[in-house]
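**Student:** Encoded as structure tokens, here's the structure I'll be asking about.
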Amino acid sequence: MAFLVKKYGGTSVGTVERIQHVAKSLKEAHDAGDKLVVVVSAMSGETNKLVSMAREVQPAVVDVRELDVLLSTGEQVTIALLSMALKELGVDACSYTGAQVKILTDDSHSKARIVSIDTKRIEADLDQGRIVVVAGFQGVDEQGDITTLGRGGSDTSAVALAAALKCDECQIFTDVDGVYTTDPRVESRARRLDRITFEEMLEMASLGSKVLQIRAVEFAGKYNVPLRVLSSFKPGNGTLITYDDEENSMEQALVSGIAFNRDEAQITVTGVADTPGTAFAILGPISELNVEVDMIIQNIGANDTTDFTFTVHRDEYQRVMDFLTSRQEQLGAASITGNDRIAKVSIVGVGMRSHAGIASRMFKSLSESSINMRLITTSEIKISVVIDEKYLELGVRALHEEFGLAESEVVA
Ligand code: ADP
Ligand code: ASP
Ligand code: MG
């Protein structure tokens, strides 16, 4: 008997039949004595549909408050249908929106952060032997306005509920049976990992592996919530996200996984003065535009001038290009160029800390596939490179091979 939060993503509740299938497996766990809080996403594709309707109505700037009211409806559909399906099976269940169980967030619409959860009502239902079904991805701010937690945010709702309720484990059920060495949709030989450290999972998530929302991993690490990724279609133990321990690190692979992100664009400003304040003159106004900058690279100056390259989200590319071009003279830049057909590929592994030569293996492998690296950044447990988007799959597979990550290979 365990106290669990189980979260089901969009594909897992994508049709009425799938919702009924989820209800059946919940009934089995409930019959076996588990105490269950269930978090669900909107049916697959629904959130995208709602976003595009909003864009049709407000093409220039979408009102974020109203957008959150709209987007939260996707999850409201699934909580009701799942509770009905459970009741049809003779299991007592009750559905709640984020507001009903007071998932209190800040007021940053579309990327709100959870502040607290009032667990009283949930606990009372659990005491009555009910399964509690909560809408993921949404909360309410102090004004009582509906907020949403950013795309993929149901993962974070689940972890936050598990932390608030002090559950034994938070289980994320999805359309893959765990966290793989890389996205199995790109490399079919990717291998499921039995365990991955929080640190590595955080890097993988922030570098583009969307299997878990980054905030969910942060939250689980901070509040010590045991987190597991499992398939809702195939039985198994999935992948446990753990703290690194001595025993694990002894057999740690050099590289645990490969993440990638197609959502970035690169901008280069050349021939600016190599003096204090230049980086600020370029990047300061960009942050005021509320645009997040990811990689930043400045060359060693020559002839008192220098070049600057940075990356932004692809959706922001045109806005930033237009803005900088309009200020080219003021910045004293020789040119402003960009490319929005790039992709970032990263290798991640805590094993990198204690081993030299991993970067050169990465560079050699990409060069053998004739892939040009445009930008490179490193940190203690990851190396990221920007390459042309058209070579993304080729690059991921080459690196997967180089670091022996495939199913049949022995990890170096
Ligand atoms: P859900 O709708 O259940 O939240 P997501 O689409 O958000 O599911 O996440 C699952 C998807 O994440 C998988 O279908 C897979 O393509 C993708 N993915 C990316 N990187 C990885 C990885 N390293 N391991 C497993 N899945 C990954
Ligand atoms: N339905 C939301 C989304 O598509 C939240 C989630 O699925 O986690 O992003
Ligand atoms: Mg998801």
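**Student:** Hey, what number do you get for the chain at 222 nm if only DSSP H runs of n ≥ 4 count, each worth -39500 (n - 2.57), divided across all residues, to the nearest 500? Write down the numbers at each step before the final one.
**Tutor:** Numbers: 13 runs with 143 residues, N = 412.
Using -39500 (n - 2.57) per qualifying helix, the result is -10500 deg cm²/dmol.
**Student:** If the chain between Glu368 and Ser188 were fully stretched, how many nm would it gain, using 0.36 nm times the residue separation less the Cα-Cα distance?
**Tutor:** Details: separation 180, 0.36 × 180 = 64.80 nm, distance 2.11 nm.
Using 0.36 nm per residue and subtracting the Cα-Cα distance, I get 62.7 nm.
**Student:** Let me ask you something else. Identify all lysines with a Cα-Cα distance to Lys364 below 28 Å; exclude those on the same chain that are fewer than 8 residues away in sequence.
**Tutor:** Lys210, Lys344, Lys382, Lys390
**Student:** Which ³J(HN,Hα) values in Hz, rounded to whole numbers, follow from the phi angles of region 99-104 under the Karplus curve 6.51 cos²θ - 1.76 cosθ + 1.60, where θ = phi - 60° and Gly and Pro get x?
**Tutor:** Rounded to whole hertz, the list is 5, 5, 9, 6, 7, 7.
**Student:** Okay, next question. Can you give me the convex hull volume of the Cα atoms of the chain, divided per residue and expressed in Å³?
**Tutor:** On the way: hull volume 65.1 nm³, N = 412.
About 158 Å³ per residue, rounded to a whole number.
**Student:** Related question: Just want the answer: with Cβ charges of +1 for Lys and Arg and -1 for Asp and Glu, which residue in Ile19, Ile122, Val57 is farthest toward the dipole's positive end in region 1-135?
**Tutor:** Of the candidates, Ile19 comes out farthest on the positive side.
**Student:** Based only on Cα atoms, what mean projected area does the convex hull of region 237-346 have, in nm²? Let's see the in-between values first.
**Tutor:** Details: hull surface 41.9 nm².
Orientation-averaged projected area of the Cα hull: 10.5 nm².
**Student:** Express the carbon and sulfur contribution to the solvent-accessible surface of the chain as a percent, rounded to the nearest whole number, probe 1.4 angstrom. Kindly include the intermediate steps, with their values, before the conclusion.
**Tutor:** Values: 9520 of 19390 Å².
The computed percentage sits at 49.
**Student:** List residues of region 252-276, by number, whose backbone nitrogen lies under 19 Å from a label position 7 Å along Cα→C-beta of Gln328.
**Tutor:** Correct set: 266-274.
**Student:** What net charge do the residues around Gly10 carry, taking every other residue with its C-beta under 13 Å from that of Gly10, with Lys and Arg at +1 and Asp and Glu at -1? Please report the intermediate quantities before stating the final value.
**Tutor:** Numbers: positive: Lys7, Arg18, Lys49, Arg151, Lys210; negative: Glu46, Glu75, Asp155, Asp175.
Computed value for this residue: +1.
**Student:** Okay, moving on. With the other protein chains left in place, how much accessible area per residue, in square angstrom, belongs to region 187-318 at a 1.4 angstrom probe? Please report the intermediate quantities before stating the final value.
**Tutor:** On the way: 6560 Å² over 132 residues.
On a per-residue basis, 50 Å².
**Student:** Using label points projected 7 Å from each Cα along Cα→Cβ, tell me how many nm separate Met1 and Ser110, to one decimal.
**Tutor:** 4.7 nm
**Student:** Another question about this same structure. If one computes P(r) from the Cα atoms of region 55-198, what percent of pairs lie at distances over 17 Å?
**Tutor:** 67 percent
**Student:** What is the gain in length, in nm to one decimal, between Leu89 and Glu56 on full extension, counting 0.36 nm per residue of separation less the C-alpha to C-alpha distance? Intermediate results must be reported in sequence, preceding the final value.
**Tutor:** On the way: separation 33, 0.36 × 33 = 11.88 nm, distance 4.05 nm.
Here the segment from Leu89 to Glu56 would lengthen by 7.8 nm.
**Student:** If you don't mind, there's one more thing I want to ask. Once fully extended, how much extra length lies between Ala302 and Gln143, figured as 0.36 nm per residue of separation less the alpha-carbon to alpha-carbon distance? Display every interim value, and only then the final one.
**Tutor:** Numbers: separation 159, 0.36 × 159 = 57.24 nm, distance 5.46 nm.
Between Ala302 and Gln143, full extension yields 51.8 nm more.
**Student:** Same structure again: On the first, second and third principal axes, largest extent first, how far apart are the outermost C-alpha atoms of region 148-293 in Å?
**Tutor:** Sorted from largest, the Cα extents of region 148-293 read 59, 36, 32 Å.
**Student:** Name the lysines eligible as straight-distance cross-link partners of Lys102: C-alpha to C-alpha under 23 Å, and not fewer than 8 places from it in the same chain.
**Tutor:** Straight-distance partners of Lys102: Lys6, Lys7, Lys35, Lys111, Lys120, Lys166, Lys222.
**Student:** May I have the extent of the alpha carbons of region 1-66 along their three principal axes, as whole Å values ordered from largest to smallest?
**Tutor:** Principal axes ranked by extent give 52, 24, 12 Å for the Cα atoms.
**Student:** Note down the Stokes-Einstein diffusion coefficient of region 333-412 in µm²/s, whole number, using a Kirkwood radius over alpha carbon pairs, 25 °C, and 0.890 mPa s.
**Tutor:** Values: Rh = 13.6 Å.
For the chosen part, D equals 180 µm²/s.
**Student:** Right, another one. How far apart, in nanometres, would the label points at Val16 and Asn48 be if each is projected 7 angstrom from Cα along the Cα-to-Cβ direction?
**Tutor:** Between Val16 and Asn48, the label points sit 2.4 nm apart.
**Student:** Same structure, new question: If you place +1 on the Cβ of every Lys and Arg and -1 on the Cβ of every Asp and Glu, how big does the dipole about the Cα centre of the chain come out, in debye to the nearest 20? Don't skip to the end; give the middle numbers.
**Tutor:** Numbers: 41 positive and 60 negative charges, 140 e Å.
So the dipole magnitude of the chain works out to roughly 680 debye.
**Student:** Another question about this same structure. Normalise the Cα radius of gyration of region 264-412 by 2.2 N^0.38 Å (N = residues in it) and let me know the number. List each step's numbers first, then the result.
**Tutor:** Numbers: Rg = 17.6 Å, N = 149, 2.2 N^0.38 = 14.7 Å.
Taking the Cα Rg and dividing by 2.2 N^0.38 Å, one obtains 1.19.
**Student:** Grab the beta carbon distance between Val69 and Ala279, set R0 = 56 Å, and tell me the FRET efficiency rounded to 0.05. Display every interim value, and only then the final one.
**Tutor:** On the way: r = 40 Å, r/R0 = 0.71.
Rounded to the nearest 0.05, the efficiency is 0.90.
**Student:** For region 1-137, what class follows from the C-alpha gyration tensor (a ≥ b ≥ c being the square roots of its eigenvalues): rounded when a/c is under 1.5, otherwise prolate if a/b is larger than b/c, else oblate? Each step should come with its number before you reach the end.
**Tutor:** Working: a/c = 2.89, a/b = 1.59, b/c = 1.82.
It is oblate, given that a/c is not under 1.5 and a/b is not larger than b/c.
The values are calculated or read from the model by the stated rules, or taken from the named source; none is laboratory data. The structure presented is a predicted model; accordingly, all values stated were derived computationally and were not measured. Quick reminder, even Gly has a Cβ in these numbers, built from the backbone with ideal geometry, and neighbours come from all protein chains shown. For accessibility, only protein heavy atoms count, side chains too; no ligands or nucleic acids. Shrake-Rupley method; radii C 1.70, N 1.55, O 1.52, S 1.80 Å.
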